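In what follows, a structure is listed as structure tokens, so that the remarks can point back to it.
The values are calculated or read from the model by the stated rules, or taken from the named source; none is laboratory data. What you see is a predicted model; the values in this text were computed from it and never measured. Here the Cβ is made from the backbone with ideal geometry for all residues, glycine too, and neighbour counts use every protein chain on show. These area figures cover heavy atoms from the full protein model, side chains too; ligands, DNA and RNA do not enter into them. Shrake-Rupley method; radii C 1.70, N 1.55, O 1.52, S 1.80 Å.
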Amino acid sequence: MANAAGKFGPYTGWDTRVLAGRGPTGTELVRSRIALRVRLRSVSPGDRLPDAGVLGEELGISEITVRRALEAMCQDGLLDRRRGRAGGTFVATDWDAVVAVMHDADEAASLDAFHLLLECGLVAHAAGELPDGRLDGPRALVEELDLADDPARLLELETRFHLDLAQALGGAGIREFAADLLGRQCLLEPAPAPAVVRARNRCHADLLDELARGAMDPAIRAVKAHQHAEPN
């Protein structure tokens, strides 16, 4: 395995507790995963969320923690609580407008830098050691993104690309870590314009080509280029 230290930072292994410094709190986890679901369009504004017990089981946290997190999100305006037979907890119909108020440029920049560090480290970890077919999922997403027109679909596919890349290069545990990171980014930074997403997709394609060749340094350059991609 290639050593990433000195080129991108001191990687000591793939334990997410080491990478993150600390794990997310239960409230942070609920917020990030709901935001990610909205970005991936598995739920939409106005949709009812699963019950707290179901969410807790999915996330591996207690039901009471989920309930507290959902209540805080209701207070923030991200969710709506409705009573009665057809009640429950729903994604706010004005989700996008509420999220826009929460954007935090400084924290978003910090998350972007950490995401860059993570993906550079994953490339260094996996370059030259990927079995045939490992990159088929991310490559299919690149091709699908090239054909997409709907802005929400473009954002969904780009997010799925980064999740699938984390899975391909680091395994299921790293995918879960990336899911939390991407969900937090969805809440803290404006969604990129469609033209920017398309420019980033060219970097996705370059990254996969270099990984397929086992070329670590060019692959890392593609990861870095993604962060600053601009439309032609």
Does Ala72 meet the test of being exposed (fewer than 15 other Cβ atoms within 10 Å of the Cβ) and either of a type in the set (A, V, I, L, M, F, W, C) or modelled with pLDDT of 95 or more (or both)?
-> yes
How many of the residues making up region 136-165 are in contact (Cβ under 8 Å) with a residue 24 or more places away in the chain, in contact with a Leu (Cβ under 9 Å, 6 or more places away or on another chain) and of a type in the set (Asp, Glu)?
-> 3
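Quick grid of which residues meet (1) hydrophobic (A, V, I, L, M, F, W, C); (2) in contact with a Pro (Cβ under 8 Å, 6 or more places away or on another chain); (3) open to solvent by 20 Å² or more (accessible area, probe 1.4 Å); (4) part of a helix (DSSP H, G or I):
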{"position": "Leu157", "(1), (2), (3), (4)": "yes, no, no, yes"}
{"position": "Ala219", "(1), (2), (3), (4)": "yes, no, no, yes"}
{"position": "His226", "(1), (2), (3), (4)": "no, no, yes, yes"}
{"position": "Glu230", "(1), (2), (3), (4)": "no, no, yes, no"}
Flagged in region 167-189 as over 24 Å from Arg139 (Cβ atoms), over 9 Å from the mean Cα position of the chain (by Cα) and part of a helix (DSSP H, G or I), in numbering order, are Leu187, Leu188
Within region 81-99, is even one residue assigned to a helix (DSSP H, G or I), without any contact (Cβ under 8 Å) to a residue 12 or more places away in the chain and acidic (Asp, Glu)?
-> no
In region 167-190, residue nearest to Asp96 (Cα to Cα) [restricted to those that are free of Cβ contacts under 8 Å to residues at least 40 places away in the same chain and touching a helix residue (DSSP H, G or I) at 6+ places or on another chain (Cβ under 7 Å)] | Arg175
Being in contact with a helix residue (DSSP H, G or I) (Cβ under 6 Å, 6 or more places away or on another chain), surrounded by 15 or more Cβ atoms within 10 Å (Cβ to Cβ) and more than 27 Å from Leu155 (Cβ to Cβ) narrows it down to one of Arg67, Arg39, Arg33, so name that one.
-> Arg67
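Residues Ala152, Ala195: which one is farther than 19 Å from Arg41 by Cα, of a type in the set (A, V, I, L, M, F, W, C) and surrounded by fewer than 19 Cβ atoms within 10 Å (Cβ to Cβ)?
Values: Ala152 fails: farther than 19 Å from Arg41 by Cα.
None of the others qualify; the one that does is Ala195.
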Do the conditions hold for Ala113, that is, is it farther than 19 Å from Arg39 by Cβ and open to solvent by less than 20 Å² (accessible area, probe 1.4 Å)?
-> no
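Each row is one residue, and each column tells you yes or no for (1) over 23 Å from Met73 (Cα atoms); (2) modelled with pLDDT under 95; (3) open to solvent by 60 Å² or more (accessible area, probe 1.4 Å); (4) over 19 Å from the mean Cα position of the chain (by Cα).
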site: Val98; (1), (2), (3), (4): no, no, no, yes
site: Glu107; (1), (2), (3), (4): no, yes, yes, no
site: Cys120; (1), (2), (3), (4): yes, no, no, no
site: Gly128; (1), (2), (3), (4): yes, yes, yes, yes
site: Asp132; (1), (2), (3), (4): yes, yes, yes, yes
site: Leu141; (1), (2), (3), (4): yes, no, no, no
site: Glu144; (1), (2), (3), (4): yes, no, yes, no
site: Phe161; (1), (2), (3), (4): yes, no, no, no
